[in-house]
Each structure stands twice: as C-alpha cells, then as structure tokens.
Amino acid sequence: MNNISMQTIYLLIPLLPLIAAAIVGISGKVLPRSLAHVLTILGVGGAFGLSVLVFLDVMKGHIFNGTVYTWMTTGDYTFEVGFLVDQLTAMMMLVVTFVSLMVHIYTIGYMHDDPGYRRFFSYISLFTFSMLMLVMSNNFMQLFFGWEAVGLVSYLLIGFWFTRPTAIYANLKAFLVNRVGDFGFLLGIGMVLFFFGSLDYATVFQRAPELADIWVSVVPGTQWSVITMICILLFIGAMGKSAQVPLHVWLPDSMEGPTPISALIHAATMVTAGIFMVARMSPLFEISTTALSTVLVIGSITALFMGFLGIIQNDIKRVVAYSTLSQLGYMTVALGVSAYSVAIFHLMTHAFFKALLFLGAGSVIMGMHHDQDIRNMGGLRKYMKITWITSLIGSLALIGTPFLSGFYSKDSIIEAAKMSHIPGSGFAYFAVLAGVFVTAFYSFRMYFLVFHGKERWMEKKHDHHHAHDDHDHHHGLAPNEVPHEQSWVVTLPLVLLAIPSLAIGYFAIEPMLFGHFFDGVIFVNESVHPVMHELKEDFHGAQAMALHSLTSLPFILALSGVVLSWFFYMKRPDIPAYIKSKCSLIMYVLENKYGFDSFNEKIFAGGSRFIGSKLWKIGDVQLIDGLLVNGTANLIGRIAQRVRRLQSGLIYHYAFAMIIGVFLLLSLFLLLSLFMKV
Amino acid sequence: MNGIQTDVIAALPEIFVLSMAMFILLVDLFIKPANRIAIFMLAQLTLLGAAFITMTTHVASVTYSFSGMFVDDPMSDVLKLMIYLTTAIVLVYTRTYISLRGMFRGEFYALVLFAVAGMMIMVSGQHFLTLYMGLELLSLCLYALVAMDRDNARAAEAAMKYFVLGALASGMLLYGMSMLYGATGSLNISEVGSSLLNGVQNRPVLILGLVFIVAGLAFKLGAVPFQMWVPDVYEGSPTAVTLFIGSVTKLAAFALVIRLLAQGLFVLAIDWQGMLIIMAVLSIVIGNITAIAQTSLKRMFAYSTISHVGFLLYGIMSASVNGFASAMFYIVSYVLMTLAGFGMILLLSRKGFEADQLDDLKGLNQRNPWYAFLMLITMFSMAGVPPTLGFYAKFAVLQAALQAGMIWLVVFAVLMAVIGAFYYLRIVKIMYFDEPKDKSVIKTTTEMHWVLSLNALALLALGLMPQSLMNLCAYAITLSLS
C-alpha cells in the first residue's frame, strides 16, 4: 500500500467516529433510535477495521510520523496536528477501537429504554475519536487536546443522568480532581516547550539527553534537575487521569455513570491514558531515576491499598472499580521499574478482561433489574449462563491464573519489581505480591456472592438499595421474578471479550516483551535499568513460564485468596461478620477509604470554601467589587454618561468638534515639525 | 485606439455597474409593483456580472489606465470582489425590511449600485480627482439613501447631519489635496509620491495638507474626533441603510486610506503615524466606553464601529506592508461581523417594530436557539474571543503594531478590548439568561435564514482557518504596494 492511501486511512480512523458522533449528536431527536446506533457502530466498526489494516502495515515495518495540518505558527513555535503511527500506537488503536466497538454493541441492550439513547451513542463515539487523537498524536499539544477531550466526555458521561444529585456530585469531583492533574501536566508541557523549544515528540526525545545535566533553581537555594521536574509534572497529569493515589478519589464515584462507559472509559481505555503517556515518554523518564522512583512508589501504594478497599464493597460496580484502581497501580509499578513494555502489555490484557468484567457486571445489573448490591444476589449461575461463564473467565484472568492473559502480564510485573534495584523497589515488590492475594480474595468474594450460594433475591428482605444505575427503573426484582439472561447484543460482546482475556497473553508475551515489537518505540537505558534484560534471560517461552509458576509464590497466594474467599463466603459466612465486628478500627479506616474523601471534603473543599468566602467578603465584595470593579465600572459608567452628553445631537456642536480636532492636530504637528527643524 | 481599449477594459466593471444601475431605473418605470422582485434579481445579477468581469480581467500585476488616473491592481480587484459580495449580502438582508416599509423601489437598488460604482472608483483611483469623484458619488448616494424613508423625521434629520458634516469633511479633504498639489505640483498619487521622495518641499504646507487629508479620511472611517456623525446617522437611518453604511462603505474608506497615505504620502509616514496614534487611542477609548452606556443596539454598534476603527488604525499606523495587510484583514473581518450583527436586527424586526433596542434581544435563546447561537458567535467575534475571526483580526493588527515597536499602545489596546468585551458579552447574557419580552415566533425568508447562518458560521470557520484570508490580504497588499 502506498503512503498516500495509508495517510488517508490514518485520517479516517479518528474521523469516522467523529462524523458519526456529530451526525447523531446534532440531529438529536430527529434521528430514529435505530439509526443512532447503526451510524455510530458503522463509524467505530470502520475505525476498527482500518486499525487492523494499520496494525498489519506497521508490523511490516511501515512507521509514519508526520504533520497533517499546521494549526498556527507564532514566532519560533509551530503548533501542528500530526500522527505518529508506530507499534505502540497501532496496538493502542486496536485495543481502543475493539473495546469501543464491543461497548457500542452492548449499549444497544443496556441503554435500550433510556431517553438519552442517542446522546449516549454520540458521546461514546466522540470519546473514541478523542482517545484515538490522544494515542495517535506526534506532539504534546495534540496529546493535551486528546487528554482534555477524553476527560470532557468522561465528565459528560459520569453526569449522564444529570437529574441525579449523586451523578452531578461525582462528575464535579472527577472534574476538580482532574484539574489538579492537568495543572501539573500543563506545567510539564510548558517546561518541555520552554526547554526544548518544540512540542514534537521526535525532536524532544532526540534532545532529551542534552538536558540530562541541566539544573534549575525554582525555590532559591535548591537545585532541581529539569528532566526530573518535567517527568514528575507530566506524571502528576498521569496520576489524575490514571487515578493514582492521592488523585484516585474520583474513579470510584465515576461509577455513577452508565455501566458501558465504566467499562470503556473508566476501565479499559481513558484511565490507561496516563500509563500510555508515560510509556510514550520513556526517553524522558529513563534519564531520571528520581522520577521513576516516584512513579514506582505511587504505583505500589495504589496497587495494594486500593485492593484492600475492594474487599469491603457491596456495590458490584464499586468492587470492579477498586480492582481497576489496583490494576492501574500495577501498571504504574511496571513503568517505575522501567518495564514499559510490560506496563503496556498489562494495559492491553487488562483492557480486555476488565471490560469483560464490567460488561458482565452490567449484565448482572440488568438481570437484577438495576439492583447493584451483591448481598441481594447469589446463585445467578443457573439463570445467566453466558454471563456466569464469561465473568468467571474474567475473574480468573484478573487474579492471574496461569495460561490466561492476566497471568502473563501480572506475573511479568511482579518479576520486574523483584529484579529492580531503584529506590522503592523493595516496597513495590511486597506491594504487588500482597496485591495478588488481595485481588484473588475480593474478585472471588464477588464472584461467589453473585453467582453461587443461596438465591438471596428470593428473600426480598432488603428494601433499601445501596446504589442504583438507572433512575427510570423500579429497582430490584419483583417478588415472583427471577433473573434472566440478556439478548445477544449483550452476550455477544461478553463472548468476544472473553476470547482475548483467555488467550492473548499466551500469544503476545513473547513478541511484546522479549521480541522486537517495541524496538525504536520504547527506550530503556539498560545499563542503569537492566530489568527488562534480566527478565528476558529468565524467560523460556510462554508455556514454560506458566508451568513454572504453578510452584511459585504468586500462584500460591492467588490460590489461597480464592480458597479463603470460598471458605468465608460460601462455607462460613459468620466468620467475615465476626471479623468485621472485632476489627472495628480497620473496618472504620477501610469504610472511610483511608479518609481521602473526608480529608478532601474538609480540608480542600472546606478550606477553599472558607478562603473563598473570606476572599469573597473581604477581597471581592469590599476591595474588588467595591473599589475596583464597581469602582471602575462606576467610573467608566460615569465617564460614559459624560461622554454621552457630548453627543448632543446638535449639528453645530459636531461641526465644531471636527474643526477643533483639525485645529489641534494642525497646531500640534506644525509645532512638532518646526521643532524638528530646529 | 489601442490605448482607449485598455482603458475601457480596465474600467469595465465600473462601466457595467453604472449601466446596469441606469437600466434598473428604466425598468423600474415600466414594471408592475407585484413584479418588483425582478429589480432585486437584476441588482444581484449586476453584482454577479461585475464579479465575473473583475475575475476574468484579473492579473497579478499593476495596470495603469486613463493616463495614470486609474489603476487596476490586485488590491483593487480583491476589494472590489469583497464589495460585490458584501453588497449582495446586504441586499438579501434588507429585502424584507424595506418592502415592509415602503422602500422596496427601484431607486433603492439604483442608489445602492451607484454607491457601489462610487466605491469601485475610490478603490481604483490613482489620482486625487478620481478618488474625490468616487468619494462624492458614494457620499451623495448615501445621503439620499439615509433620507429614503421620507416621512420619517429622524431619518431626515440624520440625512441632514450626515450631509452637512460630510460636506465639511469633503471640503477638508479637498483643501488638503490642493495643499499637496501646491507643494508637489501634481495630483497623481504616484507622482506625488515620487516628488516627495525627490526634493525638499515646503514642510509646513505639507503638514497642513496632510492634517486636512487625515481629517477627511478620519471622517469617512468614523475615527475620533471626527466620529460625531456616526451614532446619530446609524440610529436615525433605516436599519437597512445603516447596514450598508456600516459595512460595505468601510472597505472603500480603507482603500482611500491606503491610496492616499500608504501610496501617495508614505514619505510623510512619521507625521501621519503620530496623527493616527492619537486618533486610534481616542477611538478605542471613546468607542468602547461610550458603547457601555447605550441602550439602543444600533447606537451600541455605532460606538463599537468607532472602537473597531481604532484597531484598524493600529494596523495602518504600523506603516509596514505587514501592517497594511493586517489592517485589510481587519476591515474585511469587521465588515463580515457587522453584516451578521445588523443582519440579526433586520431579521428580528417586523412591520412597525425595529428590534433595535438591547431589550429586544431578551431571551432570544428561548425564542430561537439557532439565531441566539449565531448572534453569540457574532458577539464573540466582535469582542475578539478566540477562535473566532475577530480574535485573529485583533491579533494580526496588534502583532503588526508590536513589530513596529509600539508595545505600550498594544498593551493599552488589549486592556480596552477587555472593557469592550463587557458590552458584547452583555448581549450574550441578555439573550441567554433574560426572560423574553415578546414571545412571538420569528419569521423570516429562507434565503435570509441561510445567508445569515452562513455569514455567522463563516466568522467561526475563518477564525479556525484564518490563513487563506490572511494570505489573500497579504497577496493583494504586497503586489499593489511594491
């Protein structure tokens, strides 16, 4: 295929979903419902088909890096829209378009009765466009555009049911927390522009080593490495988007949005944008071990402590949400130990099995008529066979069962953490190892409570509902109703996502981690950070890795997690209740999510409100309003009234003003010319 | 013989427009009132034909004709095309308005076309007399147009003011020209230019002439302190005529400024720069501040025009090719914005209702969200909010001024633009947050709906992709001034 037609394809991939989103979004209620999903699915399906083409083309070694459109040039800086299509991009494009396609199909069933049906399709197509722009960009400006655009759609979708106060609260929270991240991100980009004079990836990466030894003094008396500052600032952006502690607080609340977007945006794609970004910036991060250590520690904290919170959740979506947080922590750990390709590998496998788990949860929620409390479920395997099997596959992949996709990526992360020697790696290894047990425990707690055991919905005791997913529905099953499996539009995506959750790790590990797949894309300074090199020496094929692991610590931990949850929740439900009553302090800490929310609520929100009200009363009302704004406005208003009076409407006044004007100009410039002569 | 042929070809668009204007007058005598729409179509056809002729005779070089009194260069061609286009838009916007007010007659169209011919001559004039003739042809048509609605006392008053003050300004311009003639011995712009380059003239006489010329130009543009007529004429004229005066004629005034100051008197740049600085600053201050106190939409636009003229002068006073090009970009942007703004007033007005008060826009969003959105774009563009065209226009002239080293003047202009944003955004607030006063359904013709939509959306589209228009202006100015 020649270059020109490939360029057209690159353009078409993001544009198809955009056009579909625009048509569906603008035409509104005019468009028949069926056309809304047909159009958007065609758009995203087309993008997926073309992404496959691009992927095959890239595998042949055709890498594209070029400008599509020059937006503006000011002075020395050029701001462009450009694409960088290499192996990393091509893989991300495949993942994004595939998961998005699955979610589009699934949505037909999930949002079937919702009045915002068309709006929803328009949003998710718009999201696909934004995410594609993010991963395909070849410069920081477009990256930031995609970054903000996916954020925007995410806020819109969290608040999709905008008549619900909780949804509005959650969407405001997501927006505010992301401001913090984006503030850092934008500062980072600003520093890149300042120190490199360019926003183009290739130029920046090429010049990065020159800046390795440049120090700046931001606070007098301290010297900070420029690269470290840039990396940490960029990573703050990633912390916001990829929900790392302490900027993670928005993600659990984002579950207020409809389930399909929890799968697409808050599990599979958008929240991994931070991981993608750091991997893309590997030439920068490699220079600064300090920055990598920061990344590592933040990641390990997230991986372990967010997992704990998953154990005590009773809302099916929140369990999966905390699991997402913990898995994002795993990816961040991989970034921190310079195993970028492992992080991306886990990003990919996680996208499949986590989307599967979310969509499965959504299917359960539909089957339960929008009751999300797992305490009201149980025994669903008889009634929802496909959902049961696929969710089991997803959970097994998540906890790292040998041969399943999650195993390969997660085990590689654990191995990488073990081999790393940068500061913080000891803690990281402990965190990811302990995390395995925790993950297995909460995953199977949920699995057992939902699909096995007593059919608790028969009892109909719980008349208070912890959380809801759709305001238009009467929540929960009617007295004589049983859960039911959904139509094919819901189950088909589950089956299609289960396939890569099962198998993709086995096939992809060798080329992605140890082959030449990421050559020239991800840069690792092997002399300083030899983790990938050591991993490679220990690797003897996917099959050997899986067999070997059966005797290793992670497997034993995972197995014991599963067994323990079975024992606790299937055999002796009294034990967890007993533990709960005895360990009230731990429960208190966990139930308050380590106090992040109340801290933010009291200190940040309360503090800002306090400062705000003080500033408002003293600064704004008295000084700015009274003196400056109203003062100026009054002054200008008074001047305006005066000047207005000059406009008397009398013709001789006007003529007089003109003549005076000429007279003054004349005298001034004649005098000036006389002076200039002298 | 050959010479006459080239002369005629160079002036073919002007000749065509004038003949058609007379033809329309004749046709109007014999046409039944019910078929008057034919006049409208004929006028539009005239503009289309003139555009066709201008396009086909366009060459990327400068051609002098009529013994150097007339010039056909890229700048004149581009500006003429802009004049045709904007006049055509004006005619579309005004048709319903004037037919509801008994002005839908042949004279209206003939006068507009004569005015167009006058503007074309101004744009192509290369001689003081040609320029003056074009200017007077335009002005006389405008006076008549303002007074078109004979029974309207305010229109008559406005016409009278416009006429008297306009005559005064023309007198000043003519006086200035005669001074220059005395100093240089020529009325031809190129010759005046080269004569100024060559020898030392009587400097006080030159300055005297220059001040009078600048005063005359400032009157045409509506720059302070020669702006007094603007609000009264804007408010008093029928809105249809205000639209014409406020938009299209500024293109010709711009051409006049370029011909006289940039081509003829470039050697005196130091002096006229000083004068323009004073007028630009005063215009921005008076225009923006007084606009705040207005309750009439038309008067507000009048003061807004004055402040826009201030910004336009920033481009011109940079006295560089880049500055002139950005000023041209500014004037074209200004005309497009003004068309959209007044177009909305025309669209909202009905028989016996003018829609020219700020209150008439109240709650427009509830009455018709699309029109509110179009007006929103227009207001954002006038205020200079990115990514609209108005932002790039301001950006371009201020950048040119920066390159000329006028940092503090630029800072000042930016501050004043912030004050100016107040009254534009107030309109947005009124449209979106106030309760509508009258809730009647807005009725309009299909062509008006589409042209106005395209007009306003063009402000957004050109703001997103300003490069093509910028290149066009740079092309016109660079080739014509070299």
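The values are calculated or read from the model by the stated rules, or taken from the named source; none is laboratory data. No experiment lies behind these values; they were computed from the predicted model shown. Cβ sites come from the backbone with ideal geometry, for glycine too, and all protein chains shown count toward neighbours. Note: areas computed on protein heavy atoms with side chains; ligands, DNA, RNA excluded. Shrake-Rupley method; radii C 1.70, N 1.55, O 1.52, S 1.80 Å.
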**OP:** Could you check how many residues of segment B:161-195 are more than 13 Å from B:Ile213 (Cβ to Cβ), in a helix (DSSP H, G or I) and out of contact with any helix residue (DSSP H, G or I) (no Cβ under 7 Å at 6 or more places or on another chain)?
**Re:** 4
Subject >> segment B:196-225, subset crowded, with 18+ Cβ neighbours inside 10 Å and of a type in the set (Gly, Ala, Ser), residue nearest to the other protein chains (Cβ to nearest Cβ) >> reply: B:Ala215
Subject >> Boolean, B:Ala393 is open to solvent by less than 10 Å² (accessible area, probe 1.4 Å), over 30 Å from B:Lys362 (Cβ atoms) and either part of a helix (DSSP H, G or I) or without any contact (Cβ under 8 Å) to a residue 40 or more places away in the chain (or both) >> reply: no
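Let's see how each residue does on (1) open to solvent by 10 Å² or more (accessible area, probe 1.4 Å); (2) without any contact (Cβ under 8 Å) to a residue 40 or more places away in the chain; (3) closer than 21 Å to B:Tyr132 by Cα; (4) within 22 Å of the chain's Cα centre (by Cα):
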position	(1), (2), (3), (4)
B:Val27	yes, no, no, no
B:Thr46	no, no, no, yes
B:Gly49	yes, yes, no, yes
B:Thr57	yes, no, no, no
B:Ser67	yes, yes, yes, no
B:Leu85	yes, yes, no, yes
Subject >> Unique residue being touching a Ser or Thr at 6+ places or on another chain (Cβ under 8 Å), modelled with pLDDT under 75, in a helix (DSSP H, G or I) and within 30 Å of B:Ile278 (Cα to Cα) when the list is A:Val643, A:Val629 >> reply: A:Val643
Original post:
Would a scan of segment A:393-413 turn up a residue that is of a type in the set (Gly, Ala, Ser), farther than 17 Å from A:Ser323 by Cα and buried (at least 24 other Cβ atoms within 10 Å of the Cβ)?
Top reply: yes
**OP:** Answer yes if at least one residue in segment B:232-246 is among the aromatic types (Phe, Trp, Tyr), facing another protein chain (nearest Cβ under 8 Å) and either touching a Cys at 6+ places or on another chain (Cβ under 9 Å) or within 19 Å of B:Ala167 (Cα to Cα) (or both), and no otherwise.
**Re:** no
Original post:
Wholly within segment A:225-264, which helices (runs of 4 or more DSSP H) include no fewer than the required count, namely at least 1 residues that are under 15 Å from the mean Cα position of the chain (by Cα) and among the small types (Gly, Ala, Ser)?
Top reply: A:226-241, A:259-263
Original post:
Taking segment A:43-58, which residues are touching a residue at least 12 places away in the same chain (Cβ under 8 Å) and either open to solvent by 40 Å² or more (accessible area, probe 1.4 Å) or farther than 17 Å from A:Leu132 by Cβ (or both)?
Top reply: A:Phe48, A:Val52, A:Leu53, A:Phe55
Original post:
Got a number for residues in segment A:646-659 being more than 7 Å from chain B (Cβ to nearest Cβ) and at pLDDT 85 or above?
Top reply: 2
Original post:
Has segment A:189-196 got any residue that is open to solvent by less than 20 Å² (accessible area, probe 1.4 Å), in contact with a helix residue (DSSP H, G or I) (Cβ under 8 Å, 6 or more places away or on another chain) and without any contact (Cβ under 8 Å) to a residue 40 or more places away in the chain?
Top reply: yes
Subject >> Test: B:Met41 is surrounded by fewer than 22 Cβ atoms within 10 Å (Cβ to Cβ), touching a residue at least 24 places away in the same chain (Cβ under 8 Å) and not polar (S, T, N, Q) >> reply: no
**OP:** Write out, first by first residue and then by second, each pair whose Cβ atoms fall under 7 Å of each other, whose residues are 6+ apart or on separate chains, and whose first residue, in segment B:433-445, is under 19 Å from B:Phe373 (Cβ atoms) while the second is assigned to a loop (DSSP other than H, G, I, E, B).
**Re:** B:Asp434/B:Lys362; B:Asp434/B:Gly363; B:Glu435/B:Lys362; B:Glu435/B:Gly363; B:Pro436/B:Lys362; B:Pro436/B:Gly363; B:Ile442/B:Asn368
Original post:
Since A:Val662 meets every condition but one in (1) within 14 Å of chain B (Cβ to nearest Cβ); (2) in a helix (DSSP H, G or I); (3) at pLDDT below 75, which condition does it not meet?
Top reply: (3)
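Within segment B:156-195, can you find the residues that are within 14 Å of chain A (Cβ to nearest Cβ), open to solvent by less than 40 Å² (accessible area, probe 1.4 Å) and in contact (Cβ under 8 Å) with a residue 60 or more places away in the chain?
Answer for segment B:156-195, where residues must be within 14 Å of chain A (Cβ to nearest Cβ), open to solvent by less than 40 Å² (accessible area, probe 1.4 Å) and in contact (Cβ under 8 Å) with a residue 60 or more places away in the chain: B:Ala158, B:Ala159, B:Lys161, B:Tyr162, B:Leu165, B:Gly166.
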Subject >> Output for segment A:31-42, where each listed residue is open to solvent by 30 Å² or more (accessible area, probe 1.4 Å) and in a helix (DSSP H, G or I) >> reply: A:Arg33, A:Ser34, A:Leu35, A:His37, A:Val38, A:Leu39, A:Ile41, A:Leu42
